Amino acid sequence: MKALSRIGVAVALVVGLLAVGNVSAEEVTLKGTLLCAKCKLKKSEKCQDALVVTDDKGASTEYWVVKNEAAEKAGHQCTTEVKATVTGEVTEKDGKKWIAASKIEKT
């Protein structure tokens, strides 16, 4: 009976972990300033696009833009800043927020 209980608990854990692993991030749309994390923010050793979003209270959040087809199509912002609306999935890695853009519109 104890063995059967342990097997039941193990199966429940595996099913729970699989369910969590299949949860996908939802796309969000963020408006902010697109700029270079190296040249403008001085927070990277290599040129890297970042979107800086400022909320109503003046606090800013940096979203590092994943290098993908949408980012390549939009072009890199090296020494300039441009207002942009970015739609994509947000994740967090190594203490940074990343956005995998499906669409970037410069305004």
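The values are calculated or read from the model by the stated rules, or taken from the named source; none is laboratory data. What you see is a predicted model; the values in this text were computed from it and never measured. Using ideal geometry, Cβ is built from the backbone for each residue, glycine included, and neighbour counts are taken over all protein chains shown.
Just one of the listed residues (ILE99, ILE104) is under 20 Å from LYS46 (Cα atoms), among the β-branched types (Val, Ile, Thr) and assigned to a strand (DSSP E or B), namely ILE99.
Of all residues in segment 60-83, those that are under 10 Å from GLY32 (Cα atoms) have Cβ atoms under 6 Å from Cβ atoms of residues that are part of a loop (DSSP other than H, G, I, E, B) and among the polar types (S, T, N, Q), 6 or more apart or on another chain, in LYS83/THR107. Look at SER24 and say whether it is among the hydroxyl-bearing types (Ser, Thr, Tyr), touching an Asp or Glu at 6+ places or on another chain (Cβ under 8 Å) and either modelled with pLDDT of 50 or more or in a loop (DSSP other than H, G, I, E, B) (or both). Yes.
Filtering segment 29-86 to residues that are hydrophobic (A, V, I, L, M, F, W, C), over 21 Å from LYS103 (Cα atoms) and touching a strand residue (DSSP E or B) at 6+ places or on another chain (Cβ under 8 Å) leaves only LEU41.
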